[in-house]
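In what follows, a single structure is set out as structure tokens and then discussed.
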Amino acid sequence: MINSSVTPAKKYHSLSRRIVAQFCIFTLVLSSLYGLLSFSLIYDLEDNFIYNTMDNEAKFLIEGYQQQGQWPKPRSNNMQLHFSKDTLPDAVTSKLVAEPKRAEFFGEKGLHYHLYVLPNFNQVYLLAEVSDMLLVRPMSGSLLRLLLAASFVLMIIACLIAWLLGRKTAKPLQQLADLVDGVAPEHIPDNFAEQFPRNEIGILATTLEETMARIKQALAREKNFTRDVSHELRTPVAIIKNAVEVYQSRHNLDKSADQQANDALAVDTLMKRIGDASVQMEQTVVTLLSLAREEQTSIDKSAVNLIALVEQAVIDHSYLLNNKAVEVVVDDNTNTRLYLQQGMLKVLLDNLISNAFQYTDTGEVRISYLDNCLIIADTGSGIEADIADKVTEIAVKGSQSTGYGFGLSIVKRLCEHQGWQLKVSSTSTSPSHCSRNAINKGTEISVLFSS
């Protein structure tokens, strides 16, 4: 039996609803605390009023006792003087035994007492039956209902405000989620973070935008690497294939010693070509891998003889000049040494020289080096006007091209990766930044190496 399980879809809660719920709970708690505080203050005010009334009455009685030598009668009918605990009502006496310092007592039939001990007269008590003086307690039920109603209204208002705030807060988040949800990184618009507010949501959108940009660049480098490998390895693979075919066509066991010696020499030549092509493939792969990385690297930089690589590139692509009246001129000033990655320079020269050979039918191809600038000029037909501004973009090629239009795009990205300045000039366009003369016919490509 195959046990298969399906992971349930993860459920998400609504942020706006969470904001409303928390806001309403907060309002309810705050209203309850406010109601309790209000009740406490009202009861405290009522008790203070009764206490102040009894305190004034006590002062009157003490003054009368001091003047007359006997206790006068309380002015308020609801107050009585007691000279012993035994004369107090039973409801007061029973509780006073357990709580000697208690001042407020509840009697039968809704009676309410306050007890005041006269200062310096410990056995003299002023007892007030304050049921008629109470204003808050009889209204406590109505006050409670009023506070509950007010709390309910406040909670409704708070929920409405919270709903509006939550909707306003969650809307840009929902827009951001809709923008990136299920959309391929390369299809997400550039600079989308500008449409979001400059707060935490804007920070999140900016972070997502930067992350998506890095992902898009990584995907582009991966696609470019696959395409570039197929483009750049065609020449060395063709060389190896051709060398093997030549060897197989000449291989014959029934030959004289001189013929076998000559064949052995030819085999050595073929093996050298195969070995050179293998080295070229290895350098090309390393170079394209370096281009596929995000960071610039200085690994494997060394002093490279420029003229040696130029001559090798000319030899490797000389087949493109077969049956053409084209002269290749390599200036003596190319006999110099450059400190850079040899593989990078090899890919650069292969693409530029092969392009010059392919598009030149008559005249010359001149390769020179001046003031840290490599110049490859030809007398070909030049770049067509409709692609002149985008000739270094991917898959852009002229009508005479038999390739895929990837060569100059590789050169452009290679120069950007290494910090070199690339300039492509053609008939009727401005000369390159390294040229001293305007172009009359053909194409001139210059690469200014970083110092």
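The values are calculated or read from the model by the stated rules, or taken from the named source; none is laboratory data. Keep in mind that what you see is a predicted model, and the values were worked out from it rather than measured. Every residue, glycine as well, gets a Cβ built from its backbone with ideal geometry; the counts of neighbours run over all protein chains shown.
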Worksheet, complete the sentence: Filter the stretch 181-214 for residues that are acidic (D, E), modelled with pLDDT under 75 and within 14 Å of the chain's Cα centre (by Cα); the one that is nearest to K168 (Cα to Cα) is E200
Worksheet item: Just to be sure, is I367 crowded, with 18+ Cβ neighbours inside 10 Å and hydrophobic (A, V, I, L, M, F, W, C)?
Response: yes
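Tell me, which strands (runs of 3 or more DSSP E) wholly within the stretch 65-178 include 1 or more residues that are assigned by TED's automatic domain parsing to the domain that holds S40 and among the aromatic types (F, W, Y)?
Of the strands (runs of 3 or more DSSP E) lying wholly inside the stretch 65-178, those with at least 1 residues that are assigned by TED's automatic domain parsing to the domain that holds S40 and among the aromatic types (F, W, Y) span 104-106, 112-117, 125-129.
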Practice prompt. State yes or no: is I42 outside any loop (DSSP other than H, G, I, E, B), among the β-branched types (V, I, T) and either over 60 Å from the mean Cα position of the chain (by Cα) or at pLDDT 85 or above (or both)?
Written response: no
Worksheet item: If you check Y404 against the conditions, is it of a type in the set (F, W, Y) and at pLDDT below 70?
Response: yes
Worksheet item: When both residues are 6+ apart or on different chains and their Cβ atoms are under 6 Å apart, which pairs have a first residue that lies in the stretch 413-432 and is of a type outside the set (G, A, S), and a second that is at pLDDT 85 or above and part of a loop (DSSP other than H, G, I, E, B)?
Response: W420/F449
Worksheet, complete the sentence: For the stretch 325-341 the number of residues that are exposed (fewer than 14 other Cβ atoms within 10 Å of the Cβ) and either charged (D, E, K, R) or in a strand (DSSP E or B) (or both) is 6
Worksheet entry | Cross-chain or 6+ apart pairs with Cβ under 6 Å, the stretch 33-62 first and farther than 17 Å from E129 by Cβ, then in a helix (DSSP H, G or I) | G35/L147
Item to complete: Kindly check whether there is at least one residue in the stretch 374-381 that is in a helix (DSSP H, G or I) and surrounded by 19 or more Cβ atoms within 10 Å (Cβ to Cβ).
Response: no
Worksheet item: Tell me, which residue of the stretch 298-317 that is under 20 Å from T379 (Cβ atoms) and at pLDDT 90 or above is surrounded by the most Cβ atoms within 10 Å (Cβ to Cβ)?
Response: A313
Worksheet item: Which condition breaks for F225 when tested against (1) under 16 Å from the mean Cα position of the chain (by Cα); (2) modelled with pLDDT under 70; (3) in a helix (DSSP H, G or I)?
Response: (1)
